[in-house]
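Student: To start, I am sharing the structure in question, which I have written as structure tokens.
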Amino acid sequence: AEAGTSVLFTIHQPSSEIFNAFDHLILLNKGRVMYQGAVGSIPTFFENCKHPVPPNYNPADWIMTIAQQIPEEQLNQDGFFQSDNRNLGVSLDGGFSKKSDIITHGGAVQSSMLFKRELQNIVRDKASLGARFGITIFLNLLFGIIFLDVGRLDN
């Protein structure tokens, strides 16, 4: 992050030290955005939504308490879930005006493309390929030695 790039990761109930190291936070509750903004603004936001963070309390613990114990309908009434009125336009339908605009390929072409992609993945991971060959050779030798001369033995 110090190099000017964005860092994105998920974390469940961090310590207050780690929590305060964040710059910007997106809180999700059942797939909906409960809060999005600066970490320093969380106490004010929760206070405005009628659930102030108690003094000397880890905000991450308080967020989890609120998100788990208060029903979604109540959180919605308290103003946690902001409505999204953006016009997403073309992005919702992929930009295709008619179903006939979508190009599809036959099963043989799709199978060929999948085969080539899998072959590339196998060749790229030489260590895994070597391990597979090594294990196969070892097991074949092991079974060959175990069953050597089994048919020739007289009981």
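Student: For the chain, with the dipole built from +1 on Lys and Arg beta-carbon atoms and -1 on Asp and Glu ones, taken about the Cα centre, which of Pro43, Met113, Ala3 lies farthest toward the positive end?
Tutor: Going by the charge dipole, the pick is Met113.
Student: For the chain, which whole-number percentage of the solvent-accessible area (1.4 Å probe, protein heavy atoms only) is attributable to carbon and sulfur atoms?
Tutor: Carbon-and-sulfur percentage of accessible area, whole number: 57.
Student: Could you order Glu47, Glu72, Glu118, Glu17 by accessible surface area, starting with the largest, using a probe radius of 1.4 Å?
Tutor: Glu17, Glu47, Glu118, Glu72
Student: Students sometimes get this wrong: rank Leu75, Leu25, Leu119 by accessible area, probe 1.4 Å, all chains present, largest first. Please list the in-between numbers first.
Tutor: On the way: Leu75 0, Leu25 25, Leu119 90 Å².
Accessible-area ranking of Leu75, Leu25, Leu119, largest first: Leu119, Leu25, Leu75.
Student: Return the single residue from His12, His24, His105 with maximal mean-square fluctuation; model: Gaussian network over the chain, springs between Cα atoms under 10 Å.
Tutor: His105
Student: While we're here: Assuming a ≥ b ≥ c are the square roots of the Cα gyration tensor eigenvalues, decide whether region 1-91 counts as rounded (a/c under 1.5), prolate (otherwise, with a/b larger than b/c) or oblate.
Tutor: oblate
Student: Now a separate question. If you roll a 1.4 Å probe over the heavy atoms of the protein chains, what accessible area per residue do you get for the chain, in Å²? Could you put the intermediate results ahead of the total?
Tutor: On the way: 12800 Å² over 155 residues.
Computed with neighbouring chains in place, this is 83 Å² per residue.
Student: Let me ask another. Answer with a single label: of [x] 22.1; [y] 15.8; [z] 12.6, which was calculated as mean projected area of the Cα convex hull in nm² from the structure in view?
Tutor: [x]
Student: Follow-up. Roughly how many Å is it from the Cα centre of region 1-45 to that of region 115-146, as a whole number?
Tutor: If you average the Cα positions of each part, the centres end up 44 Å apart.
Student: Which is the longest part of the chain that has none of the chymotrypsin sites (Phe, Trp or Tyr not before Pro) sitting in a DSSP loop with at most 12 other Cβ atoms within 10 Å?
Tutor: Answer from the scan: 10-95.
Student: Rounded to the nearest 20 Debye, what is the dipole magnitude of the chain about its Cα centre when Lys and Arg each give +1 and Asp and Glu each give -1 at the C-beta? Intermediate results must be reported in sequence, preceding the final value.
Tutor: On the way: 12 positive and 15 negative charges, 155 e Å.
The calculated dipole for the chain is roughly 740 debye.
Student: Within region 122-155, report the trypsin sites (Lys or Arg not before Pro) that DSSP leaves as loop and that have at most 13 other Cβ atoms within 10 Å.
Tutor: Taking region 122-155 and a limit of 13 other Cβ atoms within 10 Å, the loop trypsin sites (Lys or Arg not before Pro) found are Arg152.
Student: Can I ask one more? With every protein chain left in place, what is the accessible area of Ser111 in Å² (1.4 Å probe, nearest 10)?
Tutor: Its heavy atoms expose roughly 70 Å² to the probe.
The values are calculated or read from the model by the stated rules, or taken from the named source; none is laboratory data. Remember, it's a predicted structure, so these values are computed and weren't measured experimentally. Note that we place each Cβ from the backbone using ideal geometry, even for glycine, and neighbour counts take in every protein chain shown. Just the protein is used for accessible areas: all its heavy atoms, side chains included, with ligands, DNA and RNA removed. Shrake-Rupley method; radii C 1.70, N 1.55, O 1.52, S 1.80 Å.
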